[in-house]
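These notes are about the structure you will find just below.
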Amino acid sequence: MERLLWPEGAPLANGTTDEDRPALIPYLLEGSGHAAVIVFPGGGYGMRADHEGEPIARWLNSIGVSAFVLRYRVAPYGYPCALLDAQRAIRTVRHEAERYGIDPNRIGILGFSAGGHLAATAGTHFDAGRPEAEDEIERRSSRPDLLILCYPVITMLDSHTHEGSRLNLLGAEPDPNLVELLSNERQVTADTPPTFLWHTSDDGAVPVENSLRFASALREKGVLFDLHVYAHGRHGMGLAEDDDHVKGWTDACASWLRYNGFAATARE
């Protein structure tokens with residue numbers, strides 16, 4: 001059953017349909033103390049791709065990780081709505097960790113394409129929570145414990161951005177200050193979480209330079225990362241089950257999650 005992030009109505013909401021009401025859809029393992037990953041499907045900030053939602057959550061379950069799929073706001077909603085939704089999702093899972101059987105210190109986020117931009121934004125724009133907040137959820141940290149970025153949009157700068165994502169997020173004439181703020185390769189710090197990235201070298205929609213630049217920024221700040229660039233593959237492959245080479249990203253990611261103490265020690 002979905003969990004509305006703001007049952008009384010989301011900030012900046014313009015209506016009461018599902019598209020105005022961000023929510024988490026849980027895919028939980030039995031028992032307690034599990035790591036969790038919140039999934040942000042891609043879709044250019046104009047939609048959310050189904051094949052980058054539930055199938056990813058099911059795969060995470062198969063390697064011993066509880067999962068949530070986030071229904072975040074997309075166009076006509078622009079910045080900062082999706083980021084508010086992502087931050088609230090992390091705070092909510094952390095706040096309700098006991099109820100969900102989750103370890104509150106092992107909460108990661110995974111995003112594809114524009115959802116990867118959202119994940120990278122949440123991983124570089126976070127806070128420790130507001131202790132004085134009346135809403136107990138807002139007292140929780142919004143920092144994810146790790147990032148998984150799948151053919152992500154990273155930059156809003158002209159040279160390598162995805163124009164559709166930038167248009168939906170920031171509008172036709174974006175504020176230069178927001179372009180800088182949301183070019184996440186410019187926002188990495190030593191406190192950015194460990195990151196797994198994968199891309200294809202000939203991605204025709206979101207250039208591989210997005211992942212390369214983020215990895216370079218992580219390196220400069222001393223943040224550990226995995227970077228996997230596959231020779232060939234279209235944008236938006238999801239699990240990539242139809243490609244014998246690229247589908248290896250899930251095994252690489254499972255290994256990385258085990259390395260970071262998130263996944264089960266052996267595939268179930």
task: Identify, from the list Ala122, Ala133, Ala128, the residue that is at pLDDT 95 or above, touching a helix residue (DSSP H, G or I) at 6+ places or on another chain (Cβ under 6 Å) and over 20 Å from Leu224 (Cβ atoms).
output: Ala133
- prompt: For residues in the stretch 5-30 being of a type outside the set (A, V, I, L, M) and touching a Ser or Thr at 6+ places or on another chain (Cβ under 8 Å), which is surrounded by the fewest Cβ atoms within 10 Å (Cβ to Cβ)?
  reply: Gly9
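Listed here are the residues, each with its yes/no results for (1) hydrophobic (A, V, I, L, M, F, W, C); (2) assigned to a strand (DSSP E or B); (3) in contact with a Gly (Cβ under 8 Å, 6 or more places away or on another chain); (4) farther than 22 Å from Asp18 by Cβ.
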site	(1), (2), (3), (4)
Gly43	no, no, yes, no
Gly46	no, no, yes, no
His51	no, no, yes, no
Ile56	yes, no, yes, no
Val74	yes, no, yes, no
Tyr79	no, no, no, no
Asp85	no, no, no, no
Arg91	no, no, yes, no
Pro104	no, yes, no, yes
message: Given the criteria of a type in the set (Ser, Thr, Tyr) and either more than 18 Å from the chain's Cα centre (by Cα) or part of a loop (DSSP other than H, G, I, E, B) (or both), does Thr121 qualify?
response: no
message: Give all pairs with beta carbons closer than 9 Å in which a residue from the stretch 125-139 that is hydroxyl-bearing (Ser, Thr, Tyr) meets a residue that is modelled with pLDDT of 95 or more and not in a loop (DSSP other than H, G, I, E, B); count only pairs at least 6 apart in sequence or on separate chains.
response: none
Test: Arg88 is basic (Lys, Arg) and either over 23 Å from His235 (Cα atoms) or more than 13 Å from the chain's Cα centre (by Cα) (or both): yes
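Hey, among Val206, Val223, Val229, which residue is surrounded by 14 or more Cβ atoms within 10 Å (Cβ to Cβ), under 18 Å from Val188 (Cβ atoms), hydrophobic (A, V, I, L, M, F, W, C) and at pLDDT 95 or above?
Val223
The values are calculated or read from the model by the stated rules, or taken from the named source; none is laboratory data. For clarity, every value in this text was computed on a predicted model and none was experimentally measured. Methodologically, a virtual Cβ is constructed for each residue, glycine included, from the backbone with ideal geometry; neighbour enumeration extends over all protein chains shown.
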